[in-house]
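Here is the structure we will look at.
The values are calculated or read from the model by the stated rules, or taken from the named source; none is laboratory data. Because the structure is a prediction, the values reported are computed rather than measured. Ideal geometry is used to build each Cβ from the backbone, glycine not excepted, and the neighbour counts take in all protein chains shown. Protein only, heavy atoms only, side chains kept; ligands, DNA and RNA dropped before computing areas. Shrake-Rupley method; radii C 1.70, N 1.55, O 1.52, S 1.80 Å.
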Amino acid sequence: MRRTATLAAVALTAGLLAACSADENTAAKAGAAASASAGGSASPTPSGSASVPADDEPLPDPDDPALDPALSTPVEDSVYPDVGDPSVDSLRYDLDLAWTPDSRTLEGEATIELRSTADGDHLQLDLGEPLEVSTVTLDGADVPFEHTGKDLVVTAPVVEDERYVLEVRYSGTPEPTPAPTTRSDFSTSGWTITPDGETWTMQEPYGAFTWYPVNDQPSDKALYDITVTVPSPWVGVANGELTDQSEHDGLTTTSWHLSSPASSYLVTVAIGDYTRTTNTSESGVEISYWVPTDRPGLAEGMTYAATGLDWLEARLGPYPFDSLGFVLVDSQSGMETQTMITLGLTDYATSPAVLVHEMAHQWYGDEVTPNDWRDVWMNEGMAMYLQGIWQAEQDGRSADEVMDDYASFEASMRAESGPPADYDPTQFGEGNIYYGPALMWHELRKEIGDDTFFEVVRDWPARDPESNAGRDDYLPWLVEHTGVPRSFFDDWLLSPTTPDRS
Ligand SMILES: [Zn+2]
């Protein structure tokens, strides 16, 4: 698709706007809001009460080597230290969820296989205060617990490097948590309930704890199995592959398996009246689209994702996971939730530019994930750069011209929210983490040439797939593979003012 210069400028401004996609500004927001008639469901809210059956399954074996890919080195987050606990290394969350729209009640049973990273007398997870815990067991035995605020503390002796199975049963009406941001497209994060009783979640930088007990920090990746039971015809959509769907007594149960470890902010569940369609990229990746049943036209507009994925694979290498889908929800934003991207029902959030941006994150953010929120620039800088050069191609403009546009507002964003890698914690996800690092990548590309640049872009996520990393891993690696001195990167990432562009 070609755009006129004016439209291209608007599209770029819109780029400012999209949790993971940059924020919406007022001009583009007007258009987005006009089209955002989200929230209405095709069918009336189904009555019927869903519940989690009593658990009579044998305990899983936490020493199963199949869990080893989920071993992490959790760290206390330097930006948001009150969330998560580095003494827990979660390996697999098996979440059995039941949602009753009439009463807005979530029932959950979480079976969590985890490793203790230290000797101690307790385990701590995050779980939203509105949820009431009925029982907690460790390796099958009841254990005492305290649930104060969002802290769920389980009293039990634990040994460094030993693995355990923690089971938590809970219920209540989840409430989203205030997000540490001044963005216009979201102010809370976590489990969100629409007026009709549908639900969705976006939870960056934290907020997974609003609906399940979790070590809610990016440095702790884990595998996920999520089962959702809801009154028919509604359905629950989550990360990974849909492995089972069944209907009994007016309730629909879907089971999802995520085979690649994910940080908690990349987990998604959406419940509503959805219809699934699919198409396939040239490279053979089947993409599923979970679209509100009363908005079938949206599915058609989103089929561009297949073309966009081919464009990305040509630059980043093969798509790194074994499934890919999109679920549309009543939000103004978009989020790169792993293998099942969550997008707001707006023209902008469902636009080709945002599809490309969120899919780029499957490599930059999801396959390799920051181990500390101070390095979220690792995600957004590259996604925004790739979106920018994709946009340039679409518009018949040069990448330099698009970067000039980025530069026209980057300095003020840096002044407002801080340097990209040392930002104001109350301004999470502002433009400063997107556009400055995107400009840095373009300057690097000009310095080292296209061949080396795209080699580096492709090699970094493939270097250690399904891992966490931070600047102390990435920057020395970049210096080694580009020959560009560390000071170049530090200037772009840490300077209070924009470095000179070539
Ligand atoms: Zn993003």
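Once Rh is set to the Kirkwood radius over Cα pairs, what Stokes-Einstein translational diffusion coefficient, in µm²/s, holds for segment 186-325 at a temperature of 37 °C and a viscosity of 0.692 mPa s? Before the final figure, lay out the partial values.
Values: Rh = 16.4 Å.
For the chosen part, D equals 201 µm²/s.
Modelled label-to-label distance, Thr426 and Asp464, 7 Å Cα→beta-carbon offset: nm?
Rounded to a tenth, the inter-label distance reads 3.5 nm.
Note the full-extension length gain between Trp477 and Asp400 as 0.36 nm times their separation in residues minus their Cα-Cα distance, in nm to one decimal. All intermediate terms of the calculation are to be shown ahead of the outcome.
On the way: separation 77, 0.36 × 77 = 27.72 nm, distance 2.60 nm.
Gain in length upon complete extension: 25.1 nm.
Taking all protein chains as present, what is the carbon and sulfur share of the accessible area of the chain, in % to the nearest whole number, probe 1.4 Å? Working shown, then result.
Numbers: 8600 of 17710 Å².
C and S atoms contribute 49 percent here.
Roughly how many Å² of Thr498 are accessible to a 1.4 Å probe, to the nearest 10?
Approximately 40 Å² of Thr498 is accessible to the 1.4 Å probe.
Charges on Cβ only, +1 for Lys and Arg, -1 for Asp and Glu, centred on the Cα centroid of the chain; of Gly272, His357, Ser255, which one is farthest towards the dipole's positive end?
His357
Each residue of segment 465-480 in order: what ³J(HN,Hα) in whole Hz does its phi give by Karplus 6.51 cos²θ - 1.76 cosθ + 1.60, θ = phi - 60°, with x for Gly and Pro?
x, 6, 10, 10, 7, x, 4, 6, 8, 6, 5, x, 5, 5, 4, 5
Quick check on packing: order 312-321, 188-197 by the mean number of other C-beta atoms within 10 Å, highest mean leading.
Details: 312-321: 18.1, 188-197: 20.0.
The most tightly packed comes first, giving 188-197, 312-321.
5 Å is the cut-off here: which amide hydrogens, built 1.01 Å from N in the peptide plane, fall below it relative to Val158, excluding neighbours closer than 5 in sequence?
Gly120, Asp121, His122
Contour minus end-to-end for Ser47 and Leu71, with contour as 0.36 nm per residue of separation and end-to-end as the Cα-Cα distance? Spell out each step's value before the answer.
Working: separation 24, 0.36 × 24 = 8.64 nm, distance 4.14 nm.
The span from Ser47 to Leu71 would gain 4.5 nm if fully extended.
Using the Karplus curve 6.51 cos²θ - 1.76 cosθ + 1.60 with θ = phi - 60°, work out ³J(HN,Hα) for each residue of segment 223-230 in order, rounded to whole Hz, and write x for Gly and Pro.
7, 9, 10, 10, 10, 10, 10, 9
Tell me, how many Å apart are the Cα centres for segment 419-442 and for segment 291-347?
24 Å
Just need the relative contact order of segment 289-340 here, percent rounded to a whole number, with Cα pairs under 8 Å and 6+ apart. Numbers along the way, then the final one.
Details: 26 pairs, mean separation 21.8, N = 52.
Relative contact order for segment 289-340 comes out at 42 percent.
DSSP beta bridges in segment 295-385, what fraction antiparallel, as a percent rounded to 5?
Working: 2 of 8 bridges.
Among the beta bridges of segment 295-385, antiparallel pairing accounts for roughly 25 percent.
Based on DSSP, what percent of beta bridges with both residues in the chain are antiparallel, to the nearest 5?
Working: 77 of 97 bridges.
Antiparallel bridges: around 80 percent, rounded to the nearest 5.
Please get the size of the charge dipole for the chain, origin at its Cα centre, with Cβ charges of +1 on Lys and Arg and -1 on Asp and Glu, quoted in debye to the nearest 20.
Values: 24 positive and 87 negative charges, 398 e Å.
The dipole magnitude comes to about 1900 debye.
How long is the gain from Arg315 to Thr497 if the chain were fully straight, where each residue apart is worth 0.36 nm and the alpha carbon distance is subtracted?
Working: separation 182, 0.36 × 182 = 65.52 nm, distance 3.05 nm.
Working it through step by step, the gained length comes to 62.5 nm.
Report the calculated FRET efficiency for Ala415 and Ser184 (r = Cβ-Cβ distance, R0 = 22 Å), to the nearest 0.05.
On the way: r = 18 Å, r/R0 = 0.84.
Calculated value: 0.75.
Run a plain Debye calculation on the chain (Cα atoms as equal point scatterers, no solvent) and give log10 I(q)/I(0) at q = 0.10 Å⁻¹, rounded to two decimals, same order as the q list.
Values, matching the q order: -0.73.
Can you give the accessible area per residue of segment 392-502, in Å², using a 1.4 Å probe? Show your work: numbers first, answer last.
Working: 4720 Å² over 111 residues.
Counting only protein heavy atoms, the per-residue value for segment 392-502 is 43 Å².
Per the helix-only calculation at 222 nm, which mean residue ellipticity applies to the chain, given -39500 (n - 2.57) for every DSSP H run of n ≥ 4 and division by its residues, nearest 500 deg cm²/dmol?
Values: 11 runs with 141 residues, N = 502.
It lands at -9000 deg cm²/dmol.
In whole Hz, with x marking every Gly and Pro, tabulate ³J(HN,Hα) for segment 393-407 from phi via Karplus 6.51 cos²θ - 1.76 cosθ + 1.60, θ = phi - 60°.
Per residue, the Karplus-derived 3J(HN,Hα) values read 4, 4, 8, x, 10, 8, 4, 4, 5, 5, 5, 4, 4, 4, 5 Hz.
Work out the charge dipole of segment 362-502 with +1 on the Cβ of Lys and Arg and -1 on the Cβ of Asp and Glu about the Cα centre, then indicate which of Phe409, Ala399, Asn468 is farthest towards its positive end.
Working it through, the farthest residue towards the positive pole turns out to be Phe409.
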